[in-house]
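A.B. asks: Let me give you the structure first, and then I'll get to my questions.
Derivation of every value follows stated rules applied to the coordinates shown; laboratory data play no part. As the structure is a computational prediction, the values presented were derived from the model and not from experiment. Backbone-built Cβ (ideal geometry, glycine too); neighbour counts: all protein chains shown.
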Amino acid sequence: MAANSISSKSADKSVVEVDGVSFETLVSDSVLSVPQPGAETPVKFGVRITNKKQKPARFARFGIIHPNLVTEEGRVIPLDGGTDGEKMPNESDYPLVMPRESVTFFLEGTFSWQNDKLELGGADGFGGFWYFRDLKPGQYKFQFIYQNYAAVMQIHQPKEQVLEGIWTGKILTPFVEFQLIQT
C-alpha cells in the first residue's frame, strides 16, 4: 500500500479504497472445472478501479498489475513466467479516468495440463506470460498486486508525448474466492 495512505474496506469485501480510489477484484466464475487432458478451462480475472476524487487520474496497466493466487490454507502459489518480447506502451495503456468513473483491466487465463500437472496461465498482453503450476482441485483465493511508482511516462504511440498524473502506489486488491472442481 502507498505510504501515508488510508485504506478502508467497503461493505463489499472485494473492494478496497485508498486515497479516494477504489479497487475491486473480479472473477468470471466462482466454480471452475478441471479440464480433461488436452482441453482448457478459460477464466477471466479483473480489477475495476473507480476514481472517487474530484479530478481526473490516469491508471497504468502496462506491466503494473500482477496476479496472486493463494490456497484455502493460505499457502501462496509461486507466480512464474517470462517474456517473448515487450510491446511499447500506448496512451491507451494509461487511461484517463474522470471523477466518479471506472476503468476495468482484465487478465484472461486458462487452466490446462502441462507435463501432467495442472496449471493456470495466460499472456499479459504486453509480450509477457504468466502461470501458476501444480494446482489441485480445491478452494483458491485470487487477488491483484497493483504497483506503480512512475507518475509520469513518456510514450511514443500514437504520438510522442509525456503522460502526467498517473496514480502511484502499491495496492493488494481484496481476495475473491473460486473453487476448482473435478467433474
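A.B. asks: Hey, what do the phi angles of segment 117-123 turn into as Karplus ³J(HN,Hα) couplings, whole Hz, using 6.51/-1.76/1.60 and θ = phi - 60°, x for Gly and Pro?
C.D. replies: Karplus values, whole Hz, x for Gly and Pro: 10, 7, 9, 10, x, x, 10.
A.B. asks: Let me know the volume per residue of the alpha-carbon convex hull for segment 8-69, in Å³.
C.D. replies: Working: hull volume 7.5 nm³, N = 62.
Expressed per residue, the convex hull around the Cα atoms of segment 8-69 is 121 Å³.
A.B. asks: Name the aspartates and glutamates eligible as straight-distance cross-link partners of K159: C-alpha to C-alpha under 20 Å, and not fewer than 8 places from it in the same chain.
C.D. replies: Output for K159: E86, E91, D93.
A.B. asks: Something else now. Using mean Cβ contacts within 10 Å as the protection proxy, how do 26-35, 122-131 order, highest first? Walk me through the numbers before you get to the answer.
C.D. replies: Working: 26-35: 14.4, 122-131: 16.4.
By packing density, highest mean first, the sequence is 122-131, 26-35.
A.B. asks: A follow-up question, please. E101's amide H: which non-local residues (gap 5+, or another chain) put their own amide H closer than 5 Å, with H modeled 1.01 Å from N in plane and none for Pro or chain starts?
C.D. replies: N51
A.B. asks: Sticking with this one: Stretched out fully, how many nm does the piece from Q161 to L96 gain, at 0.36 nm a residue minus the Cα gap? Kindly include the intermediate steps, with their values, before the conclusion.
C.D. replies: Working: separation 65, 0.36 × 65 = 23.40 nm, distance 1.45 nm.
Between Q161 and L96, full extension yields 22.0 nm more.
A.B. asks: Just to check I understand the Karplus step: with θ = phi - 60° and J = 6.51 cos²θ - 1.76 cosθ + 1.60, what whole-Hz values come out for segment 88-97, glycine and proline as x?
C.D. replies: Residue by residue, segment 88-97 yields 6, x, 10, 4, 5, 7, 9, x, 8, 10 Hz.
A.B. asks: Could you rank the peptides 44-53, 154-163 by their average count of other C-beta atoms within 10 Å per residue, with the highest value first?
C.D. replies: Working: 44-53: 18.8, 154-163: 11.4.
So the order, starting with the most tightly packed, is 44-53, 154-163.
A.B. asks: Next question, about the same structure. Longer than 21 Å from Cα to Cα, which of K13/K170; K44/K136; K55/K87 are they? Say none if no pair is.
C.D. replies: K55/K87
A.B. asks: What does the chain give for Rg and for Dmax, in Å, if only its C-alpha atoms count?
C.D. replies: Both quantities, over Cα of the chain: 17.3, 52 Å.
A.B. asks: Kindly write out, for segment 36-42 in residue order, the coupling ³J(HN,Hα) from the Karplus curve 6.51 cos²θ - 1.76 cosθ + 1.60 (θ = phi - 60°), rounded to whole Hz, with x marking Gly and Pro.
C.D. replies: For segment 36-42, the Karplus curve yields 6, x, x, 10, 9, 10, x Hz.
A.B. asks: Normalise the Debye intensity by I(0) for segment 55-143, one equal point scatterer per Cα, no solvent, then take log10 at q = 0.12, 0.15, 0.16, 0.25 Å⁻¹ and round to two decimals.
C.D. replies: Here the Debye-derived log intensity ratios amount to -0.48, -0.69, -0.76, -1.25.
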